[in-house]
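Encoded as structure tokens, the structure appears first; notes follow it.
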Amino acid sequence: MNNMISKVSISLRCPKLSTLFLGGNHFISSITHDFFIHMQCLRVLDLRCDWDKANHHLESLPDSISELVNLHDLRLSWCKKLKKVPSLAKLVRLRRLELNNTAIEELPEGMEMLGKLNCLNLHLVSLRETIPLGLISKLSALQELYLGGIKVDKLYDVGSGESFANELLSLKELENLNTSFHCLSDYASYVGSSKFNGLKCFYLAVGQRFYYSDCHLGIPPRATVQLCYSDEGSSQNAHFFPQNTKRVGINWFNDLTRLNELGWLIKDVRELVAFAINMCNKIECIWWWSSSEEELSGTGTSSTCWIQCLEIINIYECPKLYTLFKGIPIPPSSSIVHSFFFCLKELTIADCHNLKNVLSSSRLSQLLQNLEEIWVIRCDELEELIGEEEEEENRRNVETPIAVQFPKIKKLVFQNVPKLKSIWRGVMICDSLEEVRAHGNCSELKKLPQFKRENQSIQPPASLKRIVGSRKWWDSLEWDPAYPQNILQPFFIEKENPTYLEEEEQQQQQQEGNVHSGVACDNCQVRPIVGNRYKCKDCHDERVVGTGGVIGFDMCEECYNTPSKHSDFVNQHNTKGHTFELIANGGDSPVPVHTVEEPNSA
């Protein structure tokens, strides 16, 4: 394992060998065709690679693998150039088959013979055709099935004969499942069945525009549901979440303006840990506090209890989001109100270019007393982490600085927020604070809060370890006489390879790399698009607002030049007959290089 072998060209006589590990040899380009002929007792064959040292050379396997009739485990994970696997028809004792992150375009022959298979992993492979109807049900011993992120026009045939949901329900031993459903009826049939409750771990995605985003919800994805809707998607068309759901992601909910509107949908989920919001065009805030007594007590609690256990909230590419909470809870001292986000530990907001502040008032910090980390990334219009009401601003001008308390906060991270001027204009009591980071362009952040202990002594929190940023940013900071620079100077760490670049340097980098920052391919969901980008001139749906203005319907070069990959998707979004333009060099102006008519792109 983990050596520099580039070619296996010998045939070994090892009739009693039961286990062979060749994993980690990412220089292997070929294995001789008769290498496995004299290994009839082989039970475990491991050729997999580490995910960060993927095998970039091995493209095929010798046919002699097909004769390993005693093989139990065949592990080929992360062999990223492996295009074909020989027939498995004779490997009837096979228990585990790992083909995830390989380059196979079709399933191996003889899969239907693997009646003893316990684990099948096809995560992130690209198939030319759907999974054959009836294949899954023939693998009746499956305990683990991973189909998440398969790149194929349709994972299975919808509405023809036995449904995909029924095939899954026939797997009586299934414990771990990662898959997507094309339609709500299949999803509802499956999660509504009593057999579903036997799963120990699941990652379920619903919707035509599904893309695998485990990074948004954590790894491993346990008890996760992703609802993915396209332009016609509506939260009103969504279905229920299983009661034991731990993580939820919603994507492209184009009528959703705040999470209050999801109360009826998630009200039965009592142990929700993480919630991710991706590319919801109309969402303006996470929660809209109402003065209605009904919402703060009584019947209102039944539809809000799901947020009381939330530990993680992640928000990505929501172009109209401008603050986290709208309004101030009344009464502010209500125990019901204070329990709403009581467990929240991590908050991440990225690529939300209309965001003005995260909290509109310091009073809202009372809701986040267990918050440990705040990450704000690439939010072009963000000016404040915590804003001020008029009353607070007047008090600040005539009295001692107003203090906000975040007793559990450990990390504050800001990356490429060019208009950020203030984290908080007063005192921040944060006895657990360990780290503050200002990466990329944070050039307008000229003043840090007065980080203090609970007793408000001039000393910074005892837990503070580092403040990380560029030397240029640190030297540009302005300091209050009551809280001079020398207090925090010992904690400053200059980043060795600072990401802060002058605007001209940033533009030059994008030109050289031809990277379209913040722009995703609407077909394959690769983000950002690298290389040529094809933009529909007729689509302006305000899905994302970036530095180049409104971005509508975009495709990467590979998807654009492969009509079979996206023809159904183009038709679904009414872009057939539209004109596409080629955008190169990261989208620098002038944008159009040339115009291509739709017949070449659909």
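The values are calculated or read from the model by the stated rules, or taken from the named source; none is laboratory data. Computed from a prediction, not measured in an experiment: that's the story for all the values here. A quick note on method: Cβ atoms are made from the backbone with ideal geometry, for glycine too, and the neighbour counts reach across all protein chains shown.
Couple of notes before you dig in:
- For beta carbons closer than 9 Å, sequence separation of 6+ or different chains, a first residue in region 72-91 that is in contact (Cβ under 8 Å) with a residue 40 or more places away in the chain and outside any loop (DSSP other than H, G, I, E, B) and a second that is surrounded by 18 or more Cβ atoms within 10 Å (Cβ to Cβ) and small (Gly, Ala, Ser), the qualifying pairs are Arg75/Gly23.
- Selected residue (criterion: modelled with the lowest pLDDT) from residues of region 462-483 that are of a type outside the set (A, V, I, L, M), closer than 22 Å to Lys410 by Cα and not in a helix (DSSP H, G or I): Tyr483
- Residues that are closer than 18 Å to Leu184 by Cβ and assigned to a loop (DSSP other than H, G, I, E, B) within region 244-258 comprise Thr245, Trp252, Phe253, Asn254, Asp255, Leu256, listed in sequence order.
- Scanning region 346-386 for residues that are under 18 Å from the mean Cα position of the chain (by Cα) and not in a strand (DSSP E or B) yields Asp351, Cys352, Arg378, Cys379.
- Some residue of region 36-45 being polar (S, T, N, Q) and buried (at least 17 other Cβ atoms within 10 Å of the Cβ): no
This table checks each residue for (1) in a helix (DSSP H, G or I); (2) surrounded by fewer than 19 Cβ atoms within 10 Å (Cβ to Cβ); (3) in contact (Cβ under 8 Å) with a residue 24 or more places away in the chain.
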site	(1), (2), (3)
Ser140	no, yes, yes
Leu145	no, no, yes
Tyr156	no, no, yes
Thr179	no, no, yes
Ser185	yes, yes, no
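- Region 284-323 - residue that is within 18 Å of Ala350 (Cα to Cα) and aromatic (Phe, Trp, Tyr) and, of those, modelled with the highest pLDDT: Tyr316
- The residues listed here are Ser137, Ser126; of these, the one that is hydroxyl-bearing (Ser, Thr, Tyr) and touching a helix residue (DSSP H, G or I) at 6+ places or on another chain (Cβ under 6 Å) is Ser137.
- Condition met for Arg95 (in contact with a strand residue (DSSP E or B) (Cβ under 9 Å, 6 or more places away or on another chain), among the basic types (Lys, Arg), crowded, with 16+ Cβ neighbours inside 10 Å and at pLDDT 90 or above): yes
- Qualifying positions in region 422-461 - of a type in the set (Lys, Arg) and outside any strand (DSSP E or B): Arg425, Lys446, Lys447, Arg453
- Close pairs (6 angstrom Cβ cut-off, 6 or more residues apart or separate chains): over 28 Å from Val519 (Cα atoms) in region 257-285, in a loop (DSSP other than H, G, I, E, B) and among the basic types (Lys, Arg) anywhere: Val273/Lys246
- Verdict on Val358 being at pLDDT below 95 and under 19 Å from Glu478 (Cα atoms): no
- The condition of being aliphatic (A, V, I, L, M) and out of contact with any helix residue (DSSP H, G or I) (no Cβ under 8 Å at 6 or more places or on another chain) holds for Leu371.
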